[in-house]
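K.L.:
Shown below is the structure under consideration.
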Amino acid sequence: MEIRAEGRVELVCVLSPCALCDTPFELADGDPLLVARSGRGELVGRVCSGCASSGEEELRERLLERARRLRERADRLEDLACEEIRLPPLRE
């Protein structure tokens with residue numbers, strides 16, 4: 001994976017989740033647009049300055065922590081899908 005600058009932000013202000021750690025961060029007009037790309041060059045997404053400035057070991061820990069949280073969320077969603085689902089009647 002590679003993190004690199006690809007242009008500058010041209011919007012006044014945007015709140016965006018980091019593609020790597022999922023922490024919301026602010027993008028303001030003129031800021032460098034940091035993105036992560038996989039080893040195959042595929043776009044992963046926008047990256048916060050915390051991930052971009054962390055070392056390899058810390059970034060690996062951030063990625064593993066996010067993967068753990070995603071697995072926990074997937075487990076909760078699968079549990080919900082197994083429960084009885086009751087929906088309110090639709091208005092006609």
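K.L.:
Output the residue which, of all residues in the range 1-13 that are of a type in the set (A, V, I, L, M) and assigned to a strand (DSSP E or B), is modelled with the lowest pLDDT.
P.N.:
Of everything passing the filter in the range 1-13, ILE3 is modelled with the lowest pLDDT.
K.L.:
Now a separate question. Residues of the range 31-53 being part of a loop (DSSP other than H, G, I, E, B) and either among the aliphatic types (A, V, I, L, M) or closer than 14 Å to LEU15 by Cβ (or both), which ones?
P.N.:
Scanning the range 31-53 gives ASP31, VAL47, CYS48.
K.L.:
Right, another one. Answer yes if at least one residue in the range 14-21 is in contact with a Leu (Cβ under 7 Å, 6 or more places away or on another chain) and modelled with pLDDT of 95 or more, and no otherwise.
P.N.:
Yes, the range 14-21 contains a residue that is in contact with a Leu (Cβ under 7 Å, 6 or more places away or on another chain) and modelled with pLDDT of 95 or more.
K.L.:
Separate question: If the Cβ limit is 6 Å and pairs must be 6+ apart or interchain, which residue in the range 26-40 that is free of Cβ contacts under 8 Å to residues at least 40 places away in the same chain and at negative phi pairs with which residue that is part of a strand (DSSP E or B) and acidic (Asp, Glu)?
P.N.:
LEU33/GLU6; VAL35/GLU6; ARG37/GLU2
K.L.:
Hey, another quick one. Of the residues SER49, SER54, only one is of a type outside the set (A, V, I, L, M), closer than 17 Å to ARG4 by Cβ, surrounded by 12 or more Cβ atoms within 10 Å (Cβ to Cβ) and free of Cβ contacts under 8 Å to residues at least 12 places away in the same chain; which?
P.N.:
SER54
K.L.:
Search the range 62-75 for residues that are in contact (Cβ under 8 Å) with a residue 40 or more places away in the chain and pair each with any residue that is surrounded by 10 or more Cβ atoms within 10 Å (Cβ to Cβ) and not β-branched (Val, Ile, Thr) when their beta-carbon atoms are under 7 Å apart and the residues are at least 6 apart or on different chains.
P.N.:
As it stands, the answer is ARG62/LEU20; ARG62/CYS21; ARG62/CYS51; ARG62/SER54; LEU63/LEU20; ARG66/LEU20; ARG66/CYS21; ARG66/ASP22, since those pairs meet every condition given.
K.L.:
What tally of residues in the range 57-68 results from selecting those that are loosely packed, with under 12 Cβ neighbours inside 10 Å and within 14 Å of the chain's Cα centre (by Cα)?
P.N.:
3
The values are calculated or read from the model by the stated rules, or taken from the named source; none is laboratory data. Since this is a predicted model, take the numbers as computed values, not measurements. Here the Cβ is made from the backbone with ideal geometry for all residues, glycine too, and neighbour counts use every protein chain on show.
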